[in-house]
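K.L.:
Pasting in a structure now, in structure tokens, and then I'll have a few things to ask.
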Amino acid sequence: MANKQLHILSSRSRSPILLFTICLFAFSLLFLLFSLSTRHPSASPYPNTNPNLSLKPETSFVASLEHFLDHKYPTSSSSSSPFPTVSEEDVSRFDDQVFSKERDRFYREPYYPLDLPIRVYLYEMPSKFTYDLLWLFRNTYRNTDNLTSNGSPVHRLIEQHSVDYWLWADLIAPESERLLKSVVRVERQEDADLFYVPFFTTISFFLLEKQQCKALYREALKWVTDQPAWKRSEGRNHIFPIHHPWSFKSVRRYVKNAIWLLPDMDSTGNWYKPGQVFLEKDLILPYVPNVNLCDTKCISESESKRSTLLYFRGRLKRNAGGKIRAKLVAELSGAEGVFIEEGTAGEGGKAAAQIGMRKSIFCLSPAGDTPSSARLFDAIVSGCIPVVVSDELELPFEGILDYRKIALFVSSSDAVQPGWLLKFLKGISLAQIRGMQRNLAKYSRHFIYSSPALPLGPEDLVWRMMAGKLVNIRLHTRRSQRVVKESRSVCACDCKRANFTVPVL
């Protein structure tokens, strides 16, 4: 009996302790949840999801390139890498490996061919196509007055079209230094969904002599088209950065099946031959902005300082669709609240454009030599509402981003009517202007390239857009392997009799 009473007393004495422990645990859990819920969701516009990365992302092409060449340049050079020698047996073996993997996935994965992240194989090309060109830019950009035939500074143009560098810099980085989840780099070709060709076509076009550039283009073409993966798909799953409309021009017709990364579609036909580019195959990427980002705080502080109604600083005369510029200048010059002047090269011109955009409510963005213009993206990151006058323009990531929230689109015929454009702009309410400026602050992250590449930045959106193309690519890459070997040789003979020619490389 005594033992029973002792057991009861012991149980009663433990009950308050147990109850106290449970209450303390519950209180701690509630405190933790409350702390997480009250944390400011937008403390940083670029949240760092990788604990190994604490540095601020670099958004300057020159600064990022210098850091890369100084700290990450490989000690072993691939300049002497031989051109691949590939037989039909090699291609057939590669095709069997890939098709075996795809067949297994087809039976194992219920949503095949849908799949993320995208698996990309980054070709390790000889350094003459990659590192040597980056060094050439670095060694020449400081002390150069090199201009194009129409007066544009060459090195500034290379920076504007440096999308090839930013995508490559992300793919080549160690996985521990990357933030993107939409794409992963694979080490074996048979594991890849897509193949990225890291050839800097814009640098080579502007900084090499004409014949030297054409020779390098031919060498790059041969190197890539001799790869088993290219022969298997005829290039349909290969990505070529051809962001400047002059780059890679002499050999483009031989890679027309590949995915091209472009500044626009140029439906006028002045830059791309009919059938070479179309939205179902290719992808439009934004220019790299020439000016620094005006973030949410900057836009808020500059609201009262935006005294110019409409701003434009750039080349006043352009070719093709850009002839609209001269008409707009004739219509708008001298009007109250309008600032229009010819742009100048160099850091002074860049600083003047940045100051002018940050003092303006609207920024005129007419067509250039192509339907697109870098000025559109300069305006977006400056918090200046773009007024787009380009009837043939296709925009980057338009399937994802609603440009109506951040820009005004005006037809060329309306814009040149006497008094029409200014009356239209003055009729826009202050509430609508403030709303679009707030949207510009939110959307600007989608147009800022950086290292490391950031989630929802342009590099990330490239792969999200590419995912939409991947289903069709996966289902149409085996065409070159469906004909029996003997028939292929007969076909080749028929092609010769029909006067089809293969490029001499």
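K.L.:
Extension gain Gln417-Val186, at 0.36 nm per residue separation less the Cα-Cα distance, in nm?
P.N.:
Result: 77.7 nm gained on full extension.
K.L.:
Right, here's the next one. Residue separation times 0.36 nm, minus the C-alpha to C-alpha distance between Leu430 and Arg142: what's the value?
P.N.:
99.3 nm
K.L.:
Which of Lys281/Lys350; Lys405/Lys426; Lys350/Lys469 have a Cα-Cα distance over 25 Å?
P.N.:
Details: Lys281/Lys350 35 Å; Lys405/Lys426 18 Å; Lys350/Lys469 37 Å.
With Cα atoms farther than 25 Å apart: Lys281/Lys350; Lys350/Lys469.
K.L.:
While we're on this one: For region 363-459, with all protein chains present and a 1.4 Å probe, just round the carbon and sulfur fraction of the accessible area to a whole percent.
P.N.:
Of all accessible area on region 363-459, carbon and sulfur atoms account for 51 percent.
K.L.:
If you roll a 1.4 Å probe over region 239-288 with all protein chains in place, what percent of the accessible area is carbon or sulfur?
P.N.:
Whole-percent figure for carbon plus sulfur exposure: 55.
K.L.:
Enter the accessible area per residue of region 415-465 (Å², integer; probe 1.4 Å; all protein chains in place).
P.N.:
On a per-residue basis, region 415-465 sits at 43 Å².
K.L.:
Which whole-number value in Å² is the accessible area per residue of region 192-263, probe 1.4 Å?
P.N.:
Solvent-accessible surface per residue comes out at 29 Å².
K.L.:
Compute the accessible area per residue over region 267-389, keeping the other protein chains in place, probe 1.4 Å, unit Å².
P.N.:
42 Å²
K.L.:
Expressed in nm², what is the orientationally averaged projection area of the convex hull enclosing the Cα positions of region 120-273?
P.N.:
10.0 nm²
K.L.:
When the dipole is taken about the Cα centre of region 317-456, and only Lys, Arg (+1) and Asp, Glu (-1) are charged at their Cβ, what size is it in debye, to the nearest 20? Spell out each step's value before the answer.
P.N.:
Values: 17 positive and 13 negative charges, 90 e Å.
My answer is approximately 440 debye.
K.L.:
Give the peptides 172-184, 326-338 in descending order of average Cβ contacts within 10 Å, highest first.
P.N.:
Peptide ranking by packing, descending: 172-184, 326-338.
K.L.:
Give the aspartates and glutamates whose C-alpha is closer than 19 Å to that of Lys101, dropping any in the same chain fewer than 8 places away, or say none.
P.N.:
Glu89, Asp90, Glu109, Asp115, Glu187, Glu190, Asp191, Asp193
K.L.:
Provide the per-residue ³J(HN,Hα) series for region 56-73, in order, calculated from phi with Karplus coefficients 6.51, -1.76, 1.60 and θ = phi - 60°, each as a whole number of Hz, with x at glycine and proline positions.
P.N.:
Once θ is set to phi - 60°, the couplings for region 56-73 become 5, x, 8, 10, 8, 4, 5, 5, 5, 5, 4, 4, 5, 5, 7, 10, 10, 5 Hz.
The values are calculated or read from the model by the stated rules, or taken from the named source; none is laboratory data. What you see is a predicted model; the values in this text were computed from it and never measured. Because the Cβ atoms are built from the backbone with ideal geometry, glycine has one as well, and the counts that use them run over all protein chains shown. Note: accessible area is taken over every heavy atom of the protein model, side chains too, but ligands, DNA and RNA are not part of it. Shrake-Rupley method; radii C 1.70, N 1.55, O 1.52, S 1.80 Å.
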